[in-house]
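The structure under discussion appears below in the form of structure tokens.
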Amino acid sequence: MGIFDRLKKELIDIVEFLDDSNNTLCYRFERFQNEIKNHAKLVVREGQAAVFINEGRLADVMAPGTYTLDTKNVPILATLLGWKYGFESPFKAEVYFVSTRLFTDLKWGTMNPVMVRDPEFGPVRLRAFGTYAVRVKDPGTFIKNVVGTDNRFTTEEISEQLRNLIVSHFGEALGQCKIPMLDLAGNFRNLGGRIGDAMRPEFDRLGIELSTLLIENISLPPEVEQALDKRSSMGVIGDLNSYTKFQTAEAIRDAAKNPGTAGTFVGVGLGQVFGGQMAQSAGAQGPATAGPGTPPPVPGTAPYFIAVNGQQVGPFETALLRTKVGGELTPDTLVWKQGMAQWTPAKDVPELAPLFNAPPPIPGPPPLPGR
């Protein structure tokens, strides 16, 4: 420190702190060798408290106001500190200005998911985040238990500890409240109040008051959210059997607009097979119309599409194709069904080739005379 700085501090007789930041919780007033001159003015503004430390021990806490530091106006200081000469000569003491205003919009959140047991979904992992607001309630306790000898103490130096306290109590409160996961959004305020009440004793030991605790969001892991979205979609769809039939009809309509596209027909075939399976499943789960011993329907062969005059027609079961032999269906007619890579002449399909080699039908007996 230069000589001019030292002389300047010796001449200053106003002890005050003007905070130009928004995160300072405590500031130690710096004087050369901690000497405060006789009849110095102490200015404590609203939202502040001045804490005197003498010989390493807490001496007094001054509320907002302007004080003249002498034995006449501040007898408590003189009594507690036991200064031999009162304030008749410069005395040594440390003055800490503690901000008692409300510090808002402090963030908290779970670094790792909290495992809870949901009554509907079973074990689930939840993440949460929000904001909170604090103020220094007991400046003396705050100096002794938190600040120590730090000359400037900010919210960043304690926010991590406060966040850990909140997260710890959040997980405990979430497990005890047993609120279903889908109902948590309607209980954010109730849950936040419960967490605040549980943490109050621990904050009191720090000299800090937890004024507000807000839960902004409680979320699920991405994969669980996707599964929940699918479940919600199924609820919106409603009757799965009717929906499957509708989807199959849409696929056939789209296939009819693109003749000759094998990929499209593959999609149609898959849609029909899937639709049949899903319809059977839905029928099995729905109200039964037959007795419990009713066997499932006899499985049929996959239907064929045939090309007639450059347009696909069908699908037709094999039995129905038999009636079209010689007409729309000839050995060179192109056919396709699910599982075939491309359109193929009917004579080259093992399943259809016998249709063209079948013997003519056996004639009936000749009519009787006179008939």
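We did not get these values from a lab; they are worked out from the coordinates using the rules stated. Because the structure is predicted, anything quoted here is derived from the model rather than measured. Heads up, the Cβs are rebuilt from the backbone with ideal geometry, glycines too, and the neighbour counts pull from every protein chain shown.
Computed values, structure above
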| quantity | calculated |
| --- | --- |
| ³J(HN,Hα) computed for each position of the range 200-210 - Karplus, 6.51 cos²θ - 1.76 cosθ + 1.60, integer Hz, glycine/proline x | 4, x, 5, 5, 4, 5, 9, x, 10, 10, 7 |
| The range 334-341 - phi-based ³J(HN,Hα) in whole Hz, Karplus 6.51/-1.76/1.60, Gly and Pro as x | 6, 10, 7, 8, 4, x, 8, 6 |
| Relative packing of peptides 111-117, 319-325 - highest average C-beta neighbours within 10 Å first | 319-325, 111-117 |
| Amide H contacts under 5 Å for residue 60, placed H, 5+ residues apart | 52 |
| Per-residue ³J(HN,Hα) for the range 159-171, Karplus 6.51 cos²θ - 1.76 cosθ + 1.60, θ = phi - 60°, Hz, x for Gly and Pro | 4, 5, 5, 5, 4, 4, 4, 5, 5, 4, 6, 5, x |
| Long-range HN-HN contacts of residue 26 with modeled amide H, under 5 Å | 99, 153 |
| For the range 334-359 versus the range 95-164, the gap between their alpha-carbon centres in whole angstrom | 76 Å |
